[in-house]
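Right, one structure below, let's go through it.
The values are calculated or read from the model by the stated rules, or taken from the named source; none is laboratory data. All values reported here derive from a predicted model rather than from experimental measurement. Ideal geometry is used to build each Cβ from the backbone, glycine not excepted, and the neighbour counts take in all protein chains shown.
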């Protein structure tokens, strides 16, 4: 690397840190949406770097669907302890119990859509005016057009056709009462960048990302992890395979990949060779051509 | 990508290049982007399948690669690109971010947005039509936004029998126009996005062309000097005060270097107070750095305890920016509600937040001809004009030509909070 040139990972890191500091400056009650997945773990890492030696000046918010990998919760609690960050948990089970939303039924039942209500309630309860999310533009085509600072109206809705222009590195976080922002510091990162950065910075990630033996079954061409609350058809046979997670979300719609990748180097090689996007196994995106755009308009992550 | 060791140092240490494209439905822009992505294996099977399904549903005969880039439902339904879409791909040499924008005059504001962060602009010319109004518009906007490098892609060469004469005459036509632009570096490449000529692979169809392929140019163009490394500017973004036992006296000024190089021990001046002090340390997480340069985000600690807050700027005593409440900008208007002279707006510049009043419109620019026009006191959406502003507090700025960070600003409507105008300081 020539003198006074930053590598792509350092430039992305610097951009994300700039965004986080901008959020801490422009908003009164920011929060970081923490899912337990690698992107939100990288977000926490960047937040630590952005404000060091002070603690992260905003809480982590975890929307708990109740359908988690057990490892996710332990990892979350350890991370909170290590960074001294404050944790807020929003429970989808409580939203269901309150009667605000009804649980989906059937084999493909998922709490993925229901969590939008829990998320909006939690943000409102804690007066969150800027929610930092780990969304990336390379994930999905509706996300390719989302701003770093994405404005939400008083109902939490996104209006994709009426987004604020965003130029240079000037970010307009001004808003009226009741409105809030979703902010995406990792907008310009790709899946490969995230993995290379985890490797470069030796960031701890849950073991779920590495190969392990797990009881799984096949549905619509994708492998899903078995769990007590997973409803299976008679034809869906549970087998034990060597798998790893490429993304970590709610168990009901997170596919697992057959893999023997045991180290970060292995994972990076695997990503480089793979021909399917990481959301390719996400059942929630397959519902329609604009499934993501429709969910986002209503206030989804 | 080739199958190399992606965790090796070379892959962790790639350069990032941001380029913009602009174009309308028929000029082959989507095909070109589709091909760059496809040939660098950045389109995945499930994405391709989704596009195939959608193409069949629509009754298209072949795969419509535009469906890959047109992300919003309204765009797919109307078959147009209405916003800026960001695309990503990497080759073994570099990582690329494409800002893909529509090309029609009614989307000037989107082109301006896409151009604002680009190092390189790809200008597409249809070999059959030669230089058109759209070519002028894209080139002017690229030049106004100070994109340092232009790559002129003469596309659809297959439809003019790969004729050297056609290519040379377009090149000549463009260079005579380009003398009016403020662009340092212009390259030309004859291509066929559809057939793949000179995109990633060299072609036998144009033996008369000795230059590199488009991808080769993108991989090798020198972008390291695109940042200003001469005039040190550090807009203070956030003050870090841990107030913990361990770091009781720590007071750091967090921000992103906007220009020049700062070194530990440098004598610096703080604006607006004018106090002089020196840099005690440059912190980045647990490291202490000897120097910092754009676009690094760091934390500066100073030897003296001064009252410094967000919006102040740390500079070198012997190299200060302009300090004034009166400034002229080239303003591009972004909103349906026209700009009004005499009206007050909010204004954001670096990390500073002030109010401003529009004093006068000096002249407007016809983005198709670059001619100056004089037609009244309002500036409508997608129009560009030289405008005089007066701010409530002094700004610390450089000309946009000298520094894209300290020379740019945005104007915000105080009723809607929407960003309505963007300005490049003259």
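Condition (residue is at pLDDT below 90, under 14 Å from the mean Cα position of the chain (by Cα) and under 17 Å from residue A:187 (Cβ atoms)) applied to region B:58-79: is it met by at least one residue? Within region B:58-79, none of the residues are at pLDDT below 90, under 14 Å from the mean Cα position of the chain (by Cα) and under 17 Å from residue A:187 (Cβ atoms). In the set A:280, A:249, A:255, which member is away from chain B (no Cβ under 12 Å) and either surrounded by 17 or more Cβ atoms within 10 Å (Cβ to Cβ) or at pLDDT 80 or above (or both)? The match here is A:249.
Listed by position, the helices (runs of 4 or more DSSP H) enclosed by region A:26-113 that each have at least 2 residues that are assigned by TED's automatic domain parsing to the domain that holds residue A:176 and under 16 Å from residue A:247 (Cβ atoms) are A:38-51, A:70-83.
Does region B:194-210 contain at least one residue that is loosely packed, with under 15 Cβ neighbours inside 10 Å, part of a loop (DSSP other than H, G, I, E, B), more than 11 Å from every other protein chain (Cβ to nearest Cβ) and touching a residue at least 12 places away in the same chain (Cβ under 8 Å)?
There is at least one residue in region B:194-210 that is loosely packed, with under 15 Cβ neighbours inside 10 Å, part of a loop (DSSP other than H, G, I, E, B), more than 11 Å from every other protein chain (Cβ to nearest Cβ) and touching a residue at least 12 places away in the same chain (Cβ under 8 Å).
Can you tell me which residues in region A:115-132 are crowded, with 22+ Cβ neighbours inside 10 Å and in a loop (DSSP other than H, G, I, E, B)? The answer is A:128, and nothing else. Within the set B:380, B:352, B:364, the sole residue that is free of Cβ contacts under 8 Å to residues at least 60 places away in the same chain and either buried (at least 18 other Cβ atoms within 10 Å of the Cβ) or in contact with a helix residue (DSSP H, G or I) (Cβ under 8 Å, 6 or more places away or on another chain) (or both) turns out to be B:364. Condition check for residue A:99 on (1) more than 9 Å from chain B (Cβ to nearest Cβ); (2) buried (at least 21 other Cβ atoms within 10 Å of the Cβ): one failure, at (2). Take region B:14-39 and flag every residue that is more than 19 Å from the chain's Cα centre (by Cα) and at pLDDT 80 or above. Selection gives B:14, B:31, B:32, B:34, B:35, B:36, B:37. Summed over region B:85-117, the residues that are assigned to a helix (DSSP H, G or I) and more than 11 Å from chain A (Cβ to nearest Cβ) give a count of 5.
Note on region A:120-150: residues that are touching a strand residue (DSSP E or B) at 6+ places or on another chain (Cβ under 6 Å) and within 12 Å of another protein chain (Cβ to nearest Cβ) total 5. What do you reckon, is residue A:18 touching a residue at least 60 places away in the same chain (Cβ under 8 Å), facing chain B (nearest Cβ under 10 Å) and over 30 Å from residue A:222 (Cβ atoms)? Judged against the criteria, residue A:18 is a match.
Here residue A:196 meets the list (1) touching a residue at least 40 places away in the same chain (Cβ under 8 Å); (2) at the interface with another protein chain (Cβ under 9 Å from one of its Cβ atoms); (3) touching a strand residue (DSSP E or B) at 6+ places or on another chain (Cβ under 7 Å); (4) not in a loop (DSSP other than H, G, I, E, B) almost entirely, failing just condition (3). For region A:51-58, the criterion of being in contact with a strand residue (DSSP E or B) (Cβ under 8 Å, 6 or more places away or on another chain) and closer than 30 Å to residue A:227 by Cβ is met by none of the residues. The number of residues in region B:296-309 that are surrounded by fewer than 20 Cβ atoms within 10 Å (Cβ to Cβ) and within 14 Å of another protein chain (Cβ to nearest Cβ) comes to 2. For region A:27-36, does any single residue satisfy the condition of being in contact with a strand residue (DSSP E or B) (Cβ under 8 Å, 6 or more places away or on another chain) and within 14 Å of chain B (Cβ to nearest Cβ)? Yes: region A:27-36 contains one or more residues that are in contact with a strand residue (DSSP E or B) (Cβ under 8 Å, 6 or more places away or on another chain) and within 14 Å of chain B (Cβ to nearest Cβ).
Every residue, every condition in (1) without any contact (Cβ under 8 Å) to a residue 12 or more places away in the chain; (2) touching a strand residue (DSSP E or B) at 6+ places or on another chain (Cβ under 6 Å); (3) buried (at least 24 other Cβ atoms within 10 Å of the Cβ), yes or no:
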position	(1), (2), (3)
B:397	no, yes, yes
B:402	no, no, no
B:406	no, yes, yes
B:412	no, yes, no
B:418	no, no, no
B:422	no, yes, yes
B:425	no, yes, no
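Please indicate, with yes or no, whether at least one residue in region A:1-13 is surrounded by 20 or more Cβ atoms within 10 Å (Cβ to Cβ), part of a loop (DSSP other than H, G, I, E, B) and within 9 Å of chain B (Cβ to nearest Cβ). Yes, region A:1-13 contains at least one residue that is surrounded by 20 or more Cβ atoms within 10 Å (Cβ to Cβ), part of a loop (DSSP other than H, G, I, E, B) and within 9 Å of chain B (Cβ to nearest Cβ).
Regarding residue B:240, is this residue under 20 Å from residue A:15 (Cβ atoms), surrounded by 15 or more Cβ atoms within 10 Å (Cβ to Cβ) and not assigned by TED's automatic domain parsing to the domain that holds residue B:399? For residue B:240, the condition - under 20 Å from residue A:15 (Cβ atoms), surrounded by 15 or more Cβ atoms within 10 Å (Cβ to Cβ) and not assigned by TED's automatic domain parsing to the domain that holds residue B:399 - is met.
For region B:216-264, a residue qualifies if it is under 25 Å from residue B:122 (Cα atoms), touching a residue at least 40 places away in the same chain (Cβ under 8 Å) and more than 9 Å from every other protein chain (Cβ to nearest Cβ), and the qualifying residues are B:217, B:218, B:219, B:220, B:221, B:226, B:228. Is at least one residue of region B:269-288 out of contact with any strand residue (DSSP E or B) (no Cβ under 9 Å at 6 or more places or on another chain), farther than 23 Å from residue A:16 by Cβ and assigned to a loop (DSSP other than H, G, I, E, B)? For region B:269-288, residues out of contact with any strand residue (DSSP E or B) (no Cβ under 9 Å at 6 or more places or on another chain), farther than 23 Å from residue A:16 by Cβ and assigned to a loop (DSSP other than H, G, I, E, B): present. The residues on offer are A:222, A:273, A:261, and the sole one that is within 14 Å of chain B (Cβ to nearest Cβ) and without any contact (Cβ under 8 Å) to a residue 24 or more places away in the chain is A:273. A Cβ distance below 6 Å, combined with a sequence gap of six or more or placement on separate chains, defines the contacts here; from region B:275-290, residues that are at pLDDT below 95 reach no residue that is loosely packed, with under 15 Cβ neighbours inside 10 Å and in a strand (DSSP E or B).
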